[in-house]
Amino acid sequence: MNLGIIGISGKMGNILQQTIKKDIYLNLIGGVGKKNIEKDLFSLSKKSDILIDFSSPSSLKKLLTTAKKYKTPLIIGTTGYTKSQITQIKKSATEIPIFYSSNYSIGIAICKNLIKKATKLIKKNFSIEIKEKHHKEKKDSPSGTAISLKNEILKIKKNDLPITSLREGEIVGEHEVLFSNLEEEFSIFHKAKSRKAFANGVLLTIKFLYKKRKYPDLYSMENLFE
C-alpha cells in the first residue's frame, strides 16, 4: 500500500515515517513539506493509495482539491480548523473517503466513550470542566481534542463548560475531564507519553480506510470500534 505524508517534516510527520517503515505491508513513497506544497501535492496524490495530513489549516483547500481530483482517500490529523473548513471536509467526504480526527490515540478514543457514559449518568448533579496541557509550540488553544470532548459532552448536557489550556515545556498531550459537586469529584484523565501513541492509531486507520477506499464518507475513531 503506497502512502504519502503532508507535513512530513513536522513532529508527527517524523514519527509517522519511522512507524510506517517498520510495517512490511506499507510503502512510504514520499511527502510534502512547507515548500512547493501545491506542485508536490499533485504528484504525491497521483501515486498514493492514501494521503496522510498532519500539516496546517492553510493547506486544506489544496489538499481537498487534489485528493478529489485523483480520488485519493484522506487521513486528516491537522487541528485548528475553522467551522467553515470543517464544513469543507464534510462536503468533500461525499466524494472521497476521509478519516478525520483531532487525536489518533486509542486511549483518547476509549476516554471519549467513558466521558459520554459518565455525562449521561450524572445528569444535573455535577459540574464539568475540561483541562488540557501541551508543549509550548502548539499553536491552537484550546486543543482540537479538548474541543472535540466538549462537543461530545454538549450533545448530552447542554450547559456550557469551561476549557483550561496550558502551553509549557515539551508536554506531548494531557487531557482531563473533571466532574465535581460540593460532596465529591472524579475525573477521566489521559496522558500521551509519546507521539508514537498517535502514530499507532494512524496505522490502524490506514488499514481501516484502505478497506473503505471505494466508499466515500466521513469516518472517525468511533468507526474503528464498530
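Using packing as a proxy for protection, rank 94-104, 138-148 so that the peptide with the highest average count of other Cβ atoms within 10 Å comes first.
94-104, 138-148
Given the options 129, 185, 152, which has the most mean-square fluctuation in a GNM of the chain, springs set between C-alpha atoms less than 10 angstrom apart?
Sorting by GNM fluctuation, first place goes to 185.
Give me the angle, in degrees from 0 to 90, between the Cα long axis of helix 37-47 and the longest principal axis of the Cα atoms of the chain, rounded to the nearest 10.
Orientation of helix 37-47: about 80 degrees from the principal axis.
Please determine, in degrees from 0 to 90 and to the nearest 10, the orientation of helix 11-21 with respect to the longest principal axis defined by the Cα atoms of the chain, where the helix direction is its Cα long axis.
Helix 11-21 sits at roughly 60 degrees to that axis.
Specify the angular offset, from 0 to 90 degrees and rounded to the nearest 10, of the alpha carbon long axis of helix 60-70 from the longest principal axis of the alpha carbons in the chain.
It is inclined by approximately 50 degrees.
Top mean-square fluctuation among 212, 68, 158, Gaussian network model of the chain, C-alpha springs under 10 Å?
158
Please work out the ratio of the alpha-carbon Rg of the stretch 79-118 to 2.2 N^0.38 Å and round it to two decimals.
For the stretch 79-118, the normalised Cα radius of gyration comes out at 1.45.
Every read-out reported here was derived from the displayed coordinates using simple, explicitly stated rules and does not represent laboratory data. Here the structure is a predicted model, which is why all the values come from computation and not from measurement. Backbone-built Cβ (ideal geometry, glycine too); neighbour counts: all protein chains shown.
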